Amino acid sequence: MSLVARQVAYTYPGANGAQVGPLDLEVRPGAVTALVGPSGSGKSTLTRLLAGLRAPSAGEVRCDDEPVRAGGRLSGHTALLTQHPLAAADPRMRLGDAIQLAARLRGRQVDAVALAEEVGLDGSVLDRLPREVSGGQLQRLLLARALAQGPRYLLADEATAHLDPITSTAIADALRRRAADGLGILLVTHDHALAASLAEHRYALDAGGRTLSA
Ligand SMILES: Nc1ncnc2c1ncn2[C@@H]1O[C@H](COP(=O)(O)OP(=O)(O)OP(=O)(O)O)[C@@H](O)[C@H]1O
């Protein structure tokens, strides 16, 4: 049981040659797996393939032995935390409502206050709109929203980028606890210290996105 990419490659339409891959990668349940690599090496592209948001040009993604069929929507067992928090949040929806909606769409009910507290925030922020919280608070609330979906795998693309150390630590602590409870986490990061402190497994993409070292 794991989220795996097998000989996966992706070429953007109109681009010459493969942007990413072919490569193999495995995200195991109950562990943090780090994906590191220079800017433009293809980390976000690979994350979207694993999430089922894009179909690979070659190879296959499987989630717990089932093929992930890309249909422009997240595969049901996966949650995605993107590196652009404002773009990921509905500007008109209060953050508590966004968390509840994310849960309902997966047939779940959650305690939004408990989720906010899990990521180190007071429940009072749930009444606010995305523009009414700080960038670090928004990133933590989007982690709470991702957890509300009850995923088996969380793909966290630069979840702690540009955040202060206290916020980064709150996110890292939440990820560590969730991994201990069984969640499989892919931590996409430029932060080698964070990867070293959190991840049991590590993959490194080269600048061309073609070679992956484990
Ligand atoms: N929509 C797109 N159309 C065409 N090319 C793209 C598109 N998105 C990304 N690329 C290209 O694909 C390659 C991989 O990009 P990607 O965003 O996956 O890299 P990354 O490792 O996540 O980078 P960063 O660390 O800067 O976020 C880059 O050369 C990028 O310019």
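Quick rundown of the values:
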{"item": "Yes/no for Val36 being of a type in the set (A, V, I, L, M), in contact (Cβ under 8 Å) with a residue 60 or more places away in the chain and within 16 Å of the ligand (Cβ to nearest atom)", "result": "yes"}
{"item": "Single condition Arg48 does not satisfy, out of (1) near the ligand (Cβ under 10 Å from one of its atoms); (2) closer than 19 Å to His201 by Cβ; (3) not in a loop (DSSP other than H, G, I, E, B)", "result": "(2)"}
{"item": "Of residues in region 17-33 being surrounded by fewer than 22 Cβ atoms within 10 Å (Cβ to Cβ) and among the small types (Gly, Ala, Ser), the one farthest from the ligand (Cβ to nearest atom)", "result": "Gly30"}
{"item": "Scan of region 134-148 for residues that are at pLDDT 95 or above and surrounded by fewer than 22 Cβ atoms within 10 Å (Cβ to Cβ), ordered by number", "result": "none"}
{"item": "Unique residue being within 19 Å of the chain's Cα centre (by Cα), of a type in the set (Asp, Glu) and not assigned by TED's automatic domain parsing to the domain that holds Ser41 when the list is Glu158, Glu132, Glu118", "result": "Glu118"}
{"item": "Enumeration of residues in region 80-102 that are farther than 20 Å from Thr167 by Cα and either acidic (Asp, Glu) or outside any helix (DSSP H, G or I) (or both)", "result": "Asp90, Pro91, Arg92, Met93, Arg94, Asp97"}
{"item": "Hey, Leu115 modelled with pLDDT of 95 or more, within 15 Å of Pro151 (Cβ to Cβ) and surrounded by 20 or more Cβ atoms within 10 Å (Cβ to Cβ) or not", "result": "yes"}
{"item": "Single residue of Glu132, Glu200 found to be closer than 12 Å to Ala34 by Cα and more than 16 Å from the ligand (Cβ to nearest atom)", "result": "Glu200"}
{"item": "Candidates Ala180, Ala156, filtered to the one that is crowded, with 18+ Cβ neighbours inside 10 Å and of a type in the set (Gly, Ala, Ser)", "result": "Ala156"}
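Residue-by-condition table, conditions (1) surrounded by fewer than 22 Cβ atoms within 10 Å (Cβ to Cβ); (2) away from the ligand (no atom under 16 Å from the Cβ); (3) hydroxyl-bearing (Ser, Thr, Tyr); (4) over 13 Å from Leu155 (Cβ atoms):
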position: Gln7; (1), (2), (3), (4): yes, yes, no, yes
position: Ala15; (1), (2), (3), (4): yes, no, no, yes
position: Gly42; (1), (2), (3), (4): no, no, no, yes
position: Ala58; (1), (2), (3), (4): yes, no, no, yes
position: Cys63; (1), (2), (3), (4): no, yes, no, no
position: Val68; (1), (2), (3), (4): no, yes, no, no
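The values are calculated or read from the model by the stated rules, or taken from the named source; none is laboratory data. These numbers come from a predicted model, not from an experiment. Counting neighbours? That spans all protein chains shown, and the Cβs are built from the backbone with ideal geometry, glycine included.
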